[in-house]
Amino acid sequence: MDYQAFFKSRLDGLRDEGNYRVFADLQRRRGAFPRARHTAEDGTGEVTIWCSNDYLGMGQNPDVLAAMHTAIDHSGAGAGGTRNISGTTHEHVLLEAELADLHGKQAALLFTSGYVSNWAAIGTLASQIPGCIVFSDSLNHASMIEGIRHSRASKVIWKHNDLDDLETKLAAADPDAPKLIAFESVYSMDGDIGPIEAICDLADKYGAMTYLDEVHAVGLYGPRGGGIAEREGLMHRLTVIEGTLGKAFGVVGGYIAASAELCDFVRSFASGFIFTTALPPAVAAGARASVQHLKRSCKERDSQKERVARVRKGLDAMGIPHIPNPSHIIPVMVGDPVKCKFISDILMRDYGVYIQPINYPTVPKGTERLRITPSPVHSDEEIEHLLGALEALWTECQIARRPMAAQ
């Protein structure tokens, strides 16, 4: 077999479909976010980032940076190995306590990323509990799907946010079988929110555990940034709350929060925890500073809500279609992979606006989009520049507009 020819053929196919991904070479600069320096073949220029998951700009927060500098001075660069052998530091212990407190749980367990925390925790629970059946929302993140697949447990896929379908499938299952309902709070591509309370009601009715992915909600919702479950007073009803440190908290890493026994169980049996090097102490220290800051400060969350509303209002005024949802995520719908990539490229080249195109397989074919995430640090001028650029490109590409543009 000509392996290189095979690789090239598959990559050429992605290019022909408009689904080939090109990484923008960006250099974020301390204190300048959302501005960044973009290095390209035709030179280097300034761009404004409009698609970052650093939703609140906490990756630039002085408290976070100071904590990381201090930890480096005290502990050095790395953790020294896996936590089981040589890599548990006091910063890991402090951060886990901070996260357990954030979610009102007895304990928390750190992982190297949100992807790994989902894969390892779901995979361990579903594989180690005899006869466990996992009930998974059809739009769950790839990391949750991989965890279920890795577990080799029985799985049942229920229609997205469809409580009737979930109950029908719960009722059809063996009443004595252990069950785990896995779902998300904020779904990252459409920005809709799962019906947490109603799912908890069904879990109680059918004797199921609940596993809630809050990665796109922690830091952003609730009086202390505990997520949608905190905002709705439901944290105590959830078996496991999973979150990330790499989005609104602005650093990197993932975690679960649950009972002491469940966290210890996952710690003791999850290969994705046992056999990987621990997060550097400076990362843990920075994440803890971010969590502490957002527990006591609401100004970032309040400002972000205002920025999101302002962008939505501008899109509505121009008739540019976007999915209405109650979250901070604004999916601007293009519906064509080639046009979506073209718009992204021209925004970068001619307007200094960086929005990565979201194409298949991240979203279904025909639902290609620009995923915009306004932050507290986007200025009025930057918002008007973004809206003007989208207005011009929507006209150039002859993409349909909503009929309510005049309103």
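The values are calculated or read from the model by the stated rules, or taken from the named source; none is laboratory data. A quick note: this is a predicted structure, and the numbers were derived from the prediction, not measured. With ideal geometry, Cβ positions are generated from the backbone for all residues, glycine too; neighbour counts draw on all protein chains shown. Just so you know, the surface numbers come from the protein's heavy atoms only, side chains and all, with ligands and any DNA or RNA stripped out. Shrake-Rupley method; radii C 1.70, N 1.55, O 1.52, S 1.80 Å.
Of (1) touching a His at 6+ places or on another chain (Cβ under 7 Å); (2) among the hydroxyl-bearing types (S, T, Y); (3) under 25 Å from V252 (Cβ atoms), S138 satisfies all except one. Which?
In the conditions (1) touching a His at 6+ places or on another chain (Cβ under 7 Å); (2) among the hydroxyl-bearing types (S, T, Y); (3) under 25 Å from V252 (Cβ atoms), S138 misses (3) alone.
If a residue has to be modelled with pLDDT of 95 or more, of a type in the set (G, A, S) and over 17 Å from the mean Cα position of the chain (by Cα) to count, how many in segment 355-389 make the cut?
3
With respect to the numbered conditions (1) within 18 Å of G18 (Cα to Cα); (2) open to solvent by less than 80 Å² (accessible area, probe 1.4 Å), which one is the sole condition not fulfilled by I383?
That leaves (1) as the condition not met.
Among the numbered conditions (1) over 30 Å from D302 (Cβ atoms); (2) within 23 Å of the chain's Cα centre (by Cα); (3) not β-branched (V, I, T), tell me where D345 comes up short.
The single condition D345 does not satisfy is (2).
I'd like the full set of residues that are among the β-branched types (V, I, T) and part of a helix (DSSP H, G or I), limited to segment 360-392.
Once the filter is applied, which keeps residues that are among the β-branched types (V, I, T) and part of a helix (DSSP H, G or I), segment 360-392 yields only I383.
Restricting to segment 192-229, and then to whatever is in a loop (DSSP other than H, G, I, E, B) and farther than 29 Å from V64 by Cα, can you tell me which residue is least open to solvent (accessible area, probe 1.4 Å)?
Step by step, filter segment 192-229, then rank; the result is G194.
On the basis of being in contact with a Pro (Cβ under 9 Å, 6 or more places away or on another chain), open to solvent by 10 Å² or more (accessible area, probe 1.4 Å) and more than 30 Å from K365 (Cβ to Cβ), does E232 make the cut?
no
I'd like to know if segment 30-41 contains one or more residues that are in contact with an Asp or Glu (Cβ under 9 Å, 6 or more places away or on another chain), among the charged types (D, E, K, R) and under 19 Å from A248 (Cα atoms).
Yes - at least one qualifying residue is present in segment 30-41.
I'd like the residue in segment 95-146 that is acidic (D, E) and under 30 Å from D165 (Cβ atoms) and, out of all such residues, is surrounded by the fewest Cβ atoms within 10 Å (Cβ to Cβ).
Applying the filter and picking the extreme gives E146.
Of the residues A198, A248, A172, A208, only one is small (G, A, S) and touching a strand residue (DSSP E or B) at 6+ places or on another chain (Cβ under 8 Å); which?
A208
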